[in-house]
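Here's the structure we're looking at; comments come further down.
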Amino acid sequence: MSDDTPALPTNAPHPNEDSKPFWDAAAEGRFALQHCDDCDTVIWWPRALCPACSSFDLTWYDASGNGRVYSYTVVHRSVGGWNAVTPYVVAYVELDEGPRVMTNIVDCDPDAVSIDAPVRVVFHDTGEGWALPRFTLA
Ligand SMILES: [Zn+2]
């Protein structure tokens, strides 16, 4: 992050039994996804059963952490701690593995973001033993 870019609020997650593997991986700098071993669906967000076929036969694996901007907006007015860090980018990133993730595009001028721009994951430490994945221009 450049020195003139204010830090986005980075709240700690509240992992549950289904999401803890994702957050454990993120704390180690890995973006993990689930794969359905019955119907071959890649799953986002973490859950107990496949949204396509309801199978419980899911496997965690490390994703590439790469994707492209599917859609985005630049936020100029917000609330609370978020208002202090405007302008910032809220985006849907389409992962190379297929799922679309709502996230922030960080460490860049918001005007540099564009549809289909390649991005890669970065992890922001929450200061409480967890890390929050966000994306930056690749
Ligand atoms: Zn399935």
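Key figures
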item: Output for region 50-64, where each listed residue is within 15 Å of the ligand (Cβ to nearest atom), surrounded by 15 or more Cβ atoms within 10 Å (Cβ to Cβ) and not in a strand (DSSP E or B); result: 50
item: Filter result for residue 30 (under 17 Å from the mean Cα position of the chain (by Cα), more than 16 Å from the ligand (Cβ to nearest atom) and either modelled with pLDDT under 95 or among the basic types (Lys, Arg) (or both)); result: yes
item: Verdict on residue 40 being charged (D, E, K, R), exposed (fewer than 12 other Cβ atoms within 10 Å of the Cβ) and modelled with pLDDT of 95 or more; result: yes
item: Residues being in a loop (DSSP other than H, G, I, E, B), small (Gly, Ala, Ser) and at pLDDT below 95 - total across region 79-113; result: 1
item: Boolean, residue 112 is more than 21 Å from residue 10 (Cα to Cα), hydrophobic (A, V, I, L, M, F, W, C) and away from the ligand (no atom under 16 Å from the Cβ); result: yes
item: Of residues in region 65-79 being surrounded by 12 or more Cβ atoms within 10 Å (Cβ to Cβ) and among the β-branched types (Val, Ile, Thr), the one farthest from residue 89 (Cα to Cα); result: 69
item: Among (1) of a type outside the set (Val, Ile, Thr); (2) in a strand (DSSP E or B); (3) within 16 Å of the ligand (Cβ to nearest atom) - the single one residue 72 does not satisfy; result: (3)
item: Pick from region 33-49, criterion under 24 Å from residue 103 (Cα atoms) and in a loop (DSSP other than H, G, I, E, B), ranking: nearest to the ligand (Cβ to nearest atom); result: 41
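The values are calculated or read from the model by the stated rules, or taken from the named source; none is laboratory data. Keep in mind that what you see is a predicted model, and the values were worked out from it rather than measured. Positions of Cβ are backbone-derived with ideal geometry, glycine not excepted, and every protein chain shown enters the neighbour counts.
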